[in-house]
1. Failed condition for Pro147, given (1) in a helix (DSSP H, G or I); (2) of a type outside the set (A, V, I, L, M); (3) open to solvent by 30 Å² or more (accessible area, probe 1.4 Å), with all others met?
2. Given the residues Val226, Val200, Val213, which is the only one that is over 21 Å from the mean Cα position of the chain (by Cα) and either β-branched (Val, Ile, Thr) or closer than 15 Å to Thr66 by Cβ (or both)?
3. Can you tell me which residue is farthest from Tyr57 (Cα to Cα) among those in segment 219-230 that are among the aliphatic types (A, V, I, L, M) and open to solvent by 10 Å² or more (accessible area, probe 1.4 Å)?
4. Looking at (1) assigned to a helix (DSSP H, G or I); (2) surrounded by fewer than 16 Cβ atoms within 10 Å (Cβ to Cβ), which is the one condition that is false for Gly111?
5. Restricting to segment 265-299, name every residue that is open to solvent by 10 Å² or more (accessible area, probe 1.4 Å), outside any helix (DSSP H, G or I) and of a type outside the set (Ser, Thr, Tyr).
6. Out of segment 219-240, which residues are touching a residue at least 60 places away in the same chain (Cβ under 8 Å) and outside any helix (DSSP H, G or I)?
7. If you take the residues of segment 161-183 that are part of a helix (DSSP H, G or I) and polar (S, T, N, Q), which of them is nearest to Thr255 (Cα to Cα)?
8. When you check Ser171 against the structure, is it small (Gly, Ala, Ser) and open to solvent by less than 20 Å² (accessible area, probe 1.4 Å), yes or no?
Amino acid sequence: MVTTLLVVVVILAIAFDYINGFHDAANSIATVVSTKVLTPFQAVLWAALFNFAAYFYFTDHKVANTVAKTVIEHYITLEVILAGLIAAIIWNLLTWWYGIPSSSSHTLIGGFAGAGMTYALITGASPLDAVNMGYVIKIISFIVLAPIIGLVISVVLTLIIINICRNAKPSTAEKWFKRLQLVSSAALSFFHGGNDAQKVMGIIATALIAAKVIPNFEAMPWWVPVSCYSAISLGTMSGGWKIVKTMGSKITKVTALEGVAAEGAGAITLGITEHFGIPVSTTHTITGSIVGVGVVKSVSAVRWGVTINLIWAWILTIPVSATLAAIIYAAIYYFK
């Protein structure tokens, strides 16, 4: 049955997806803007186009299914989902305001899990009973693995490219790499859309199941993916200029060649994880990839102080989001 609360949850989920778009726009466009291949306006349009194009390719919804199963169905209510979404939106806006490239994915998952665990605690169960530990361990492990995979692939791609082009005229190589960056940034945006839009799809499908509008995940209506891909694309068009500066120049100075390697590595990593239904952070992935191209030049070329600050934001995202969601859910439960 469609209720006011369900409508509010769906609207907030789509709003989060929009925020996710402008929060994570930097992931797709930072290097292509910093190398001046595209202007910021051209870059966000380019990224938004390929964010939405992912809708036509990613039809298995494996990532959405993983997110939907993070919390055990018995502990999922519309209030739990509402608290998780509010917490995720608050943390996303705070980190965006301060220009911190935190993970929208982990914010959402942390909020959802935190609210579910609080519901279990209030009803006399163990908080750990509320979460599917197999899925949670997989998600948490990729906080570490995604940037490492991105870094390794980035280093390998950079070395391959340097060896292939070692005899090329620098001006000719620069011209070609600027063209190739259009392809690599499009690929990164494509996989970013395919990975991140699905997370909100999983939340909306879960809400529809909790409200008994649909019987199961497989019955998810067509408007859910359309809304999610549209929202993240529109959000990307709004940009995220504070984070663009951090990703595009503060970690390491990026050339067009390195932009191709970093974006290519990010796209490959996201493609692999999407294939296995793992909801990873695009932010973590592209950061690791950018660090990788910096390391090839020299270890000192990477601004490790900035990178360490980003890692702290990554570590804090899930527990902070979960704590916020716990407080919000407790308030909803006791004051409704």
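1. (3)
2. Working: Val226 fails: over 21 Å from the mean Cα position of the chain (by Cα); Val200 fails: over 21 Å from the mean Cα position of the chain (by Cα).
Just one listed residue meets the conditions, Val213.
3. Ala219
4. For Gly111, the exception is condition (2).
5. Matches in segment 265-299: Phe276, Ile278.
6. So in segment 219-240, the residues touching a residue at least 60 places away in the same chain (Cβ under 8 Å) come out as 220, 225-240.
Met220, Gly239, Gly240, listed by residue number.
7. Step one: filter segment 161-183 for residues part of a helix (DSSP H, G or I), giving 161-164, 170-183.
With the extra rule that they be polar (S, T, N, Q), the set shrinks to 163, 171-172, 181.
Details: Asn163: 16, Ser171: 13, Thr172: 14, Gln181: 10 Å.
By that ranking, first place goes to Gln181.
8. No, not satisfied.
The values are calculated or read from the model by the stated rules, or taken from the named source; none is laboratory data. Computed from a predicted model, the values in this text were never measured in an experiment. Heads up, the Cβs are rebuilt from the backbone with ideal geometry, glycines too, and the neighbour counts pull from every protein chain shown. All accessible areas refer to the heavy atoms of the entire protein, side chains included, with ligands and DNA or RNA removed. Shrake-Rupley method; radii C 1.70, N 1.55, O 1.52, S 1.80 Å.
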